[in-house]
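Single-structure report; data block below.
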Amino acid sequence: MESRFISEINGKKNYSNTMSDMMSEKTEDAKTEAPIAEKYKLQTKDVNVFYGDFQAIKDISMNIKPKSITAFIGPSGCGKSTFLRLFNRMNDYIEDFKMEGKIKIDDKNIYKDKIQLEQLRKEVGMVFQKPNPFPKSIFENVAYGLKIQGIKDKKLIADRVEKALVQADLWNEVKDNLSKSALTLSGGQQQRLCIARTLAVEPSIILMDEPTSALDPISTAKIEELIHHLKQYYTIIIVTHNMQQAARISDYTAFFYMGELIEFDKTKKIFTNPEKKRTENYITGRFG
Amino acid sequence: MINIEEQRIILSKNGEEMLSLVHNQVQLAYEAFTSFDTDLAEEIILKENRVNALDVRIEKDTDHFIALYSPVATDLRFALALLKINYNLERIGDQAFDIANHTIDLNQKLVPELVERLQFNLMFETLESMFKDVENAFINENLKVARKVFKKDKIINSINANAFEIVAEDAVKNPELIRQYLMALMVMKKFEKIGDLLKNISESIIYFIDAEILKHKKKK
């Protein structure tokens, strides 16, 4: 059975919630600043992160274009995951965490006190290294975020679940077993289910922290294909240790080393002729 | 040393070996043709098998390098450049092989005046110098030396362009030497081709050192 959402998915996506909804303070400036937001989905300026006395991120400024895939690469402990988790304020719960600088999504500073964290996390979804489905049915897993949001309309929930599963390329595999436990799915299916769970709440940015590192090559290829497909609707940022994966799927690559952003450029440039020697040494496997 | 570096060094050494082998073939071909040494020409023809075998080995090893080590950046450019360099060297080997065959077809030694008039020596000396530049640039990753090859190729082209007029003028005066004149023209054309192929190799060396693609561009 072909999903009734396929045509909608292939068409233009309409986001019902934007960052301006998330901000409790709405200013008139938002309209005049719209072109900047159109140009860059996400902007960071002079960002520093400290865990107590340890500085994990050093003066990073970066602009990320909408509907692009950006890969963060670098050796373990270089700060790439810390930097990624700043975008949905996941680091806020870490003891002694302190951030300086600005991070803007759609030109709105997400580190202002008045930000609504629930709304931010709806807007900025996250997929983790290890698939982490809840011990519930496939349907309940995908519907979870919607219910948390207070959506009670059963038809709306069912439609959104189907749409998310179609987008995550899982619908055809699970449509007859939606009430089955999510834990019965394979690792690759579980990860696609987690992606569907993220998509169900209709974010505009998806953060992925090594989403395929626990998967076999076939499941990895499926997820990579899915990421490539999702690019037309979402801004995707992915942390990966797999150089070939970064090269294959991303439009832009950022190389981090010891908390610094060493180089950020088009992926084609980084993987054929990087500007910095340290980038070249890392991607060619000569250090790190 | 990590494995990819070891593999790249092995490939590079194979490239050096191919350069040296083909260079030697061209030196012998010049010597055989100008001194009408058919034994030497036979040796060149036999050694062509070695050139072909090394060509296949380099191509296979480079394929494996790309498939097994997924090279990127400088390593990838090196592998891609080596494939092109190897292809051009094999074609230079073919030119030497053809010159050796022309030597066998020649019925007598070239007259010294003809060699002098056609600037055969200058053409060969220039080619020798281009070979040395290419070897130096490849081994030492020297951009400046690689670029020297382009100017020298122009000298070769100019000598070859003048040769036709000289032969047309002299053949009327010495019709008994017509076979020599025609053979000389054919060999000069081979040398001119070798110059072009060395220029291609230089472009590939510049690409792998500096990521600059010079194909179809005016060379300074």
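Since every read-out is calculated from the coordinates, none of them should be taken as a lab result. Just so we're clear, the structure is a prediction, and the values are computed from it rather than from any experiment. Heads up, the Cβs are rebuilt from the backbone with ideal geometry, glycines too, and the neighbour counts pull from every protein chain shown.
Here are a few things to note about the model shown:
- Computed [θ] at 222 nm, helices only, for the protein assembly as shown once each DSSP H run of length n ≥ 4 contributes -39500 (n - 2.57): -19000 deg cm²/dmol
- Counting only Cβ charges, +1 for Lys and Arg and -1 for Asp and Glu, the dipole size of the range A:65-184 around its Cα centre is about 220 debye.
- Between helix A:217-230 and chain A: long-axis angle, C-alpha atoms, 0 to 90°, nearest 10: 90 degrees
- For the residue pairs A:Lys39/A:Lys155; A:Lys122/A:Lys276; A:Lys104/A:Lys277, alpha carbon separations beyond 32 Å are given by A:Lys39/A:Lys155; A:Lys122/A:Lys276.
- Rounded to 5, percent antiparallel among DSSP beta bridges of chain A: 60 percent
- Cα-centre dipole for chain B with unit charges at Cβ (Lys and Arg positive, Asp and Glu negative), debye to 20: 940 debye
- Amide H contacts under 5 Å for A:Ser61: A:Asp46, A:Val47, restricted to partners 5 or more places along the chain or on a different chain, H placed in the peptide plane at 1.01 Å from N.
- Remark: for residue pairs A:Lys80/B:Lys13; A:Lys45/B:Lys215; A:Lys269/B:Lys190; B:Lys109/B:Lys152; A:Lys67/B:Lys217, the C-alpha separation exceeds 30 Å in A:Lys80/B:Lys13; A:Lys45/B:Lys215; A:Lys269/B:Lys190; A:Lys67/B:Lys217.
- Karplus-derived 3J(HN,Hα), 6.51/-1.76/1.60, for each residue of the range A:67-82, Hz, glycine and proline x: 6, 10, 10, 10, 9, 9, 10, x, x, 4, x, 7, x, 5, 6, 4
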